[in-house]
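Participant: I'd like to ask some things about the structure below.
Nothing in this text is a laboratory measurement; each read-out follows from the coordinates by a stated rule. Note that this is a predicted model, so its numbers are computed, not measured. Here the Cβ is made from the backbone with ideal geometry for all residues, glycine too, and neighbour counts use every protein chain on show.
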DNA sequence: TATTCGTGGCT
DNA sequence: TAGCCAAGAAT
């Protein structure tokens, strides 16, 4: 049952919380994703979280399996050339993530005895691991009671808690909002019935529920409380939802700018890197020029930015290659 | 705080 | 069909 008493209610009246509904709902309805299966290592969880940054679940499943088979431990990946890592990353997008994961694996192997750290602060110090990913690993790989806030969670909280159609831009307040929803919080705030059940429902049990609650909030946002066309008819918490209660008011906040793609540097960088991924080794400058004929100046600028980012390296003979390819300048 | 950084599926 | 959107991080 819930841990908040009804204002003005009888001593036995207790409000049902989101966690009361969502934790059981998640246990019954969660998608069977490979990184959620028993036996998944913290390293497997970390790899999944990096791959899932801005990338749909459906595109991650296969590369994740292949990745963990090839590099089952951080030290295994750390020993591989960056070029191999970038080819294994394939077309997942944002290839700098692959480079950062490579660097993180090297740091874990060298400084953490090949064990993925469990505390948020240490995780955040690793390349490519920010506010979300550090907490996701701490919670899902190590069972810690920390708020895990991604775009799904922010949308669910915006609707169910704040009664708004959209989350708006991320804010530092988001973490506290979600922390307040996790079971097993401030013991002093618990009601008498929870205390009386203390023998059966230990603090440790609440901690496990907290990680499940975070996964449940993400799952709800990903499968039911989606950005466009939320399926409120099938929502397990529709009766607790503030947005429903208010009659589902439209979003009146700032409209976020549309993503452009055609003709952007991102498209050109993608073309150039695709040529290098597809080649068995170094390629000539001429081969890269063919990848983008529209605007030679833009092509040159993008190739330079790839060199700066460490996604491409130039050989002594002037050819270009993925980083760490044998014989390159470095 | 606002931009930049890939890729592809869905409506 | 042309946006819209996806388990963010770094700067």
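Participant: Expressed as a rounded percentage, what relative contact order does the range A:265-321 have, with Cα pairs under 8 Å and six or more residues apart? Numbers along the way, then the final one.
Facilitator: Details: 51 pairs, mean separation 23.2, N = 57.
RCO, the range A:265-321: 41 percent.
Participant: Test of understanding: ordering A:25, A:67, A:261 by Cβ neighbours within 10 Å, fewest first, what list do you get?
Facilitator: Going from least to most buried by this count: A:261, A:25, A:67.
Participant: Okay, next question. Cut-off 10 angstrom, C-alpha nodes, Gaussian network model of chain A. Which of A:68, A:217, A:33 fluctuates the most?
Facilitator: A:33
Participant: Per residue, what volume in Å³ does the Cα convex hull of the range A:30-144 take up? Don't skip to the answer; put the middle values down first.
Facilitator: On the way: hull volume 11.1 nm³, N = 115.
Normalising the Cα hull of the range A:30-144 by residue number yields 96 Å³.
Participant: Tell me the label-point distance for the pair residue A:112, residue A:32, using the 7 Å Cα-to-Cβ offset, in nm and rounded to one decimal.
Facilitator: 3.1
Participant: Right, something else. Based on the alpha-carbon gyration tensor of the range A:273-330 and its eigenvalue square roots a ≥ b ≥ c, which shape applies: rounded if a/c is under 1.5, prolate if not and a/b is larger than b/c, or oblate?
Facilitator: Details: a/c = 1.85, a/b = 1.49, b/c = 1.24.
Verdict is prolate for the range A:273-330.
Participant: Moving to a separate point now. If you split all Cα-Cα distances of the range A:43-92 into 10 Å bins from zero, what percentages do you get per bin, shortest first?
Facilitator: Going from the shortest bin to the longest, the percentages are 25, 62, 13.
Participant: Another question, then. Using a Gaussian network model of chain A whose springs link C-alpha atoms within less than 10 Å, name the residue from A:296, A:127, A:56 with the highest mean-square fluctuation.
Facilitator: Result: A:296 has the largest fluctuation of those listed.
Participant: Same structure again: What's the exposure ranking of A:174, A:309, going from fewest to most Cβ atoms within 10 Å? Mind dumping the intermediate values first?
Facilitator: Values: A:174 19, A:309 13.
If I rank by nearby Cβ atoms, fewest first, I get A:309, A:174.
Participant: Kindly identify chain A as rounded, prolate or oblate by the Cα gyration tensor criterion: order the square roots of the eigenvalues as a ≥ b ≥ c, call it rounded if a/c is under 1.5, otherwise compare a/b with b/c, prolate if a/b is larger, else oblate. Walk me through the numbers before you get to the answer.
Facilitator: Details: a/c = 3.01, a/b = 1.83, b/c = 1.64.
The shape class here is prolate.
Participant: Compare A:46, A:288, A:99 in a GNM of chain A, Cα atoms joined below 10 Å, and give the one with the largest fluctuation.
Facilitator: Maximum fluctuation in the GNM of chain A, among the listed residues, is at A:288.
Participant: Further question: Quickly estimate the mean residue ellipticity at 222 nm for chain A, helices only: each DSSP H run with n ≥ 4 gives -39500 (n - 2.57), and the total goes over all residues, rounded to 500. Walk me through the intermediate numbers first.
Facilitator: Details: 16 runs with 160 residues, N = 330.
About -14000 deg cm²/dmol.
Participant: Need the C-alpha centroid separation for the range A:135-185 versus the range A:296-326, integer Å.
Facilitator: 40
Participant: Tell me the volume per residue, in Å³, of the convex hull enclosing the alpha carbons of the range A:208-299.
Facilitator: Details: hull volume 18.9 nm³, N = 92.
Roughly 205 Å³ of hull volume per residue.
Participant: Can you sort A:154, A:173 by how many other beta carbons sit within 10 Å, fewest first? Don't skip to the answer; put the middle values down first.
Facilitator: Numbers: A:154 21, A:173 8.
Ranked by crowding around the Cβ, least crowded first: A:173, A:154.
Participant: Between residue A:326 and residue A:228, what is the spin-label point distance in nm, taking each point 7 Å from the Cα along the Cα→C-beta axis?
Facilitator: Going from the residue A:326 label point to the residue A:228 one covers 4.8 nm.
Participant: Calculate, for residue A:264 and residue A:15, the FRET efficiency according to 1/(1 + (r/R0)^6) with r their C-beta to C-beta distance and R0 41 Å; round to the nearest 0.05.
Facilitator: About 0.25, to the nearest 0.05.
Participant: Contact order normalised by length for chain A, with contacts defined as Cα pairs under 8 Å and 6 or more residues apart; what percent is it? Intermediate values should be presented prior to the final figure.
Facilitator: On the way: 410 pairs, mean separation 57.3, N = 330.
Relative contact order of chain A: 17 percent.
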